[in-house]
2 protein chains.
Amino acid sequence: QRGERETVEDLLWELVEQRQLYAVLRELEPFELARLAELLGDETFGEFLAELDPSDAADLLERLSSQEAADVLEAMAPDDAADVFARLDPDEARQILVEMEPLEAQELQELLSYPPETAGGRMTPSYVALLPDVRVDQAIAALRKVAAEVETIYYAYVVDEANHLLGVVSMRDLVLSPPYRTVGEIMTRDIVKVRATADQEEAARLLVEEGLLAIPVVDDEDRLLGIITVDDVADILEREVTEDIERLGGSQPLEVPYTRATPFYLWRRRIGWLLLLFVAEMYTGTVLRHFEQELEEAIALAFFVPLLIGTGGNAGSQVVTTLVRAMAVEGIGIRDFFRIFPKEFIAGLLAGVVMGTAGFLRAEILGVDPAISLTVGVALFCIVLWAVTVATLLPLLLRRLGIDPAVVSSPFIATLVDGTGLVIYFNVARIILHLHS
Amino acid sequence: QRGERETVEDLLWELVEQRQLYAVLRELEPFELARLAELLGDETFGEFLAELDPSDAADLLERLSSQEAADVLEAMAPDDAADVFARLDPDEARQILVEMEPLEAQELQELLSYPPETAGGRMTPSYVALLPDVRVDQAIAALRKVAAEVETIYYAYVVDEANHLLGVVSMRDLVLSPPYRTVGEIMTRDIVKVRATADQEEAARLLVEEGLLAIPVVDDEDRLLGIITVDDVADILEREVTEDIERLGGSQPLEVPYTRATPFYLWRRRIGWLLLLFVAEMYTGTVLRHFEQELEEAIALAFFVPLLIGTGGNAGSQVVTTLVRAMAVEGIGIRDFFRIFPKEFIAGLLAGVVMGTAGFLRAEILGVDPAISLTVGVALFCIVLWAVTVATLLPLLLRRLGIDPAVVSSPFIATLVDGTGLVIYFNVARIILHLHS
């Protein structure tokens, strides 16, 4: 029996690594799933559920009986259990809550009182708290006793009778201090903490910046509610990055995993930006109609429209993604203008010369009138330089106005450059081809 | 004196938080910088340098005398010191090495023998190693003694006489075990480790996935060389994300911080992709010349070219960024084809209907022939659906071929859709306007 269990466990961990666990488990019949939970035991089964996306885990849990589901939730780490519980069908959730031990049920409901994206929604109440007059050797003994149940034994938080946070002692402090000192004497009072209502990203950033293994979460009156541990950070940051990348692609970030998104949901997240960009791009039609006469006089000009505006968009996109990221990571702002702008402008000049030459050659190969080739080359040079300038100024300006520069997606900058690029193109054409003259 | 030092320290930490430390320090004269280093002490000054980008820190270090620089480097954590040292001017570096203590100099050179992007380049040799016959109480005492010098005391690595890695004991294990047991008895043998030549991202991923506080780095013969601690993870992952984002924007990732990149360097990283996309976009010219007659017959068709291909590019970009990210995070592959494709196709159909209607209305507002309005609407519907299809299939196909789907940047998909979108547009026009008929 024990051998069988271990084989199953190994297999499931393999699936976790392949990210195929849910794909396999969701194919099981309810009775098969129940048998699996029984074989593994509630605790191990709960560990596997914690590896899944919470909505997937909730999906599986709903296939068990309320009693079984309650047992599994009780065996899980409270923060993981809360994440899953929040995604259950409300009716199902109520029934499961009834089946749970009153204390565990209460703990779960307290965790659920904070929205999932906040520090309170992410924290776990499995921490160690000590009163300040506990001695170092007593503290170590206490940590030993609860080691199996708490999330980390490397920090113990020092609180008063009303659970107000006074300080923190690390396992390192305890091990290094004489056993007869009290934790109140050796604790660090200058403590890094986060409000339960703060964004979970703030907690993650503080954890990383201060090099902590856990950060305490407090309420408005500085009472300790829970902790967020370093193993949550990767999760939080991964979500944040996904949001940034989706924004860069020109859509609203998805709030559910991609695999669970319905076509209708995907459409809803995207159509707004798509329409907005469409409206913004509409003026290209007006611009082209404005130059209708030039187009009729030299229809070959139309051949190069996609190439010119495409290249302008690409050049702008390159700058904007690099710059927006550097603004986030390296803290660049408008005060760095005189360091950033000349740099991008020179790089843009170089790129403009290369692309202008390439454009001229392309037009010659296509066999159009040399004057048109010259027009394409000169226009391309101007458009690249213009795109780079806009892509440099816009994020800096937005930051100055207090708007997150991450809204400047690649599609956004491409749209902006498309119409203005056409104006440049036809004006260059007018001058070089002496149209209307 | 002590008060002054603390004020300066507070001020500098404030600058660290504002990401302005380097901006301020680089304005100091060498003698002012030397005075600052003296006031703070080598250790604290070194801590501030470690907060900077290594190239910035190297820049500052070069302004100190070799002796001063050597003292600061010795006081820094070896892995941080190595990062900075690697960016020093070679002549300067040689002189500083001469001034260092032989042992510290040797340690530094060993760390530098691995490229900076590898696990070996990122590790620190400040770990605790124990022989297996050390008793638990002796181990705790040993950890106490070295606590101030090592990177983490929460893990001790168990090695044989030749430094081969045998196992690991955590502080938790030590605290929970009877004092008379040996570390060899209580250690975990199934140890997660990484080769020194492996990519640092692999180390970071393992640390996160396994929920570890540190991961040991070994050579080909499984000898322990150093450890990478959890506080390096955020750094490594941040770099990785920056690379992904820069690739999405259609340029090669920068290998130096943006603020240190020269215009020429920026140009070099971008011009390759810009030219490649240009060449790929060149066929739009050929396509348009192919439809020259249609254009001459109905010049108004040209008005909508940027709008149509722009919208196609945007729709494709939305899909590709979401999908590529989901492939990285949620492990989606070609085997999920029948779950992904219908979803995107339906979402694309919905978007196509909306955008087609918008296109028709736009053309009507511009006051062109109703037949052309109809052409624009139908073509836009087809182009959106086509763009979504390409953007869904391409990343899955690339993954199947073993190519990283992250190469499909927004500009790449936009370029791909531009020309094919034109073909769709003019064929729709032929049918609806009965051109050539």
Any chance residue A:354 is in a helix (DSSP H, G or I), touching a Phe, Trp or Tyr at 6+ places or on another chain (Cβ under 9 Å), touching a residue at least 60 places away in the same chain (Cβ under 8 Å) and at the interface with another protein chain (Cβ under 10 Å from one of its Cβ atoms): no
Check on residue A:363, in the same structural domain as residue A:339 (by TED's automatic domain parsing) and surrounded by fewer than 20 Cβ atoms within 10 Å (Cβ to Cβ): no
Positions within segment B:112-146 being in contact with a Ser or Thr (Cβ under 8 Å, 6 or more places away or on another chain) and more than 14 Å from chain A (Cβ to nearest Cβ), in sequence order: B:114, B:118, B:119, B:120, B:127, B:132, B:133, B:134, B:135
So residue A:67, is it modelled with pLDDT of 90 or more, outside the structural domain of residue A:217 (by TED's automatic domain parsing) and polar (S, T, N, Q): yes
Scan of segment A:268-277 for residues that are under 19 Å from residue B:308 (Cα atoms) and either open to solvent by 40 Å² or more (accessible area, probe 1.4 Å) or assigned by TED's automatic domain parsing to the domain that holds residue A:409 (or both), ordered by number: A:272, A:273, A:275, A:276
Residue in segment B:92-104 that is among the small types (Gly, Ala, Ser), at negative phi and open to solvent by less than 40 Å² (accessible area, probe 1.4 Å) present: yes
In segment B:278-299, the residues that are within 7 Å of chain A (Cβ to nearest Cβ), open to solvent by less than 20 Å² (accessible area, probe 1.4 Å) and acidic (Asp, Glu): B:281
Residue match in segment B:152-166 (condition: outside any strand (DSSP E or B), at pLDDT 90 or above, of a type in the set (Phe, Trp, Tyr) and under 24 Å from residue A:144 (Cα atoms)): no
Single residue of B:215, B:191 found to be within 25 Å of residue B:114 (Cβ to Cβ), touching a Gly at 6+ places or on another chain (Cβ under 9 Å) and not assigned by TED's automatic domain parsing to the domain that holds residue B:75: B:191
Answer residue from segment B:176-202, given it is open to solvent by less than 60 Å² (accessible area, probe 1.4 Å) and within 13 Å of chain A (Cβ to nearest Cβ) and is nearest to residue A:145 (Cα to Cα) among those: B:177
Residue among B:402, B:421, B:348 that is over 26 Å from residue A:312 (Cα atoms), open to solvent by less than 10 Å² (accessible area, probe 1.4 Å) and in the same structural domain as residue B:319 (by TED's automatic domain parsing): B:348
Considering residues of segment B:245-258 that are touching a residue at least 24 places away in the same chain (Cβ under 8 Å) and either crowded, with 17+ Cβ neighbours inside 10 Å or at the interface with chain A (Cβ under 7 Å from one of its Cβ atoms) (or both) only, the residue nearest to the chain's Cα centre (by Cα): B:247
All positions within segment A:217-232 that are in contact with a helix residue (DSSP H, G or I) (Cβ under 8 Å, 6 or more places away or on another chain) and open to solvent by 10 Å² or more (accessible area, probe 1.4 Å): A:225, A:230, A:231, A:232
Members of segment A:300-326 found to be more than 9 Å from chain B (Cβ to nearest Cβ) and either within 27 Å of the chain's Cα centre (by Cα) or free of Cβ contacts under 8 Å to residues at least 24 places away in the same chain (or both), listed by number: A:316
Filtered residues of segment B:19-31 (kept if open to solvent by 60 Å² or more (accessible area, probe 1.4 Å) and either away from every other protein chain (no Cβ under 14 Å) or touching a strand residue (DSSP E or B) at 6+ places or on another chain (Cβ under 6 Å) (or both)): B:29, B:30, B:31
Helices (runs of 4 or more DSSP H) lying entirely in segment A:181-298 (those with 2 or more residues that are over 30 Å from residue A:426 (Cα atoms)): A:183-186, A:200-210, A:233-248, A:263-281
Hits in segment A:16-44 (condition: over 20 Å from residue A:76 (Cα atoms), of a type in the set (A, V, I, L, M, F, W, C) and within 34 Å of the chain's Cα centre (by Cα)): A:23, A:24, A:28
Residue B:368 vs. criteria of a type in the set (A, V, I, L, M, F, W, C), surrounded by fewer than 22 Cβ atoms within 10 Å (Cβ to Cβ) and under 16 Å from residue B:309 (Cα atoms): no
Where a residue in segment B:215-243 is closer than 11 Å to residue B:124 by Cβ and its partner, wherever it lies, is open to solvent by 30 Å² or more (accessible area, probe 1.4 Å) and of a type in the set (Asp, Glu), with Cβ under 6 Å and at least six apart: B:229/B:151
Top-ranked residue of segment B:128-175 - restricted to ones that are without any contact (Cβ under 8 Å) to a residue 12 or more places away in the chain and closer than 24 Å to residue B:74 by Cβ, ranked as least open to solvent (accessible area, probe 1.4 Å): B:147
Close pairs (6 angstrom Cβ cut-off, 6 or more residues apart or separate chains): at negative phi in segment A:1-16, at pLDDT 80 or above anywhere: A:5/A:39; A:12/A:48; A:15/A:21; A:15/A:24; A:16/A:51
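The values are calculated or read from the model by the stated rules, or taken from the named source; none is laboratory data. Keep in mind that this is a model prediction, so the values were computed, not measured. Backbone-built Cβ (ideal geometry, glycine too); neighbour counts: all protein chains shown. Just so you know, the surface numbers come from the protein's heavy atoms only, side chains and all, with ligands and any DNA or RNA stripped out. Shrake-Rupley method; radii C 1.70, N 1.55, O 1.52, S 1.80 Å.
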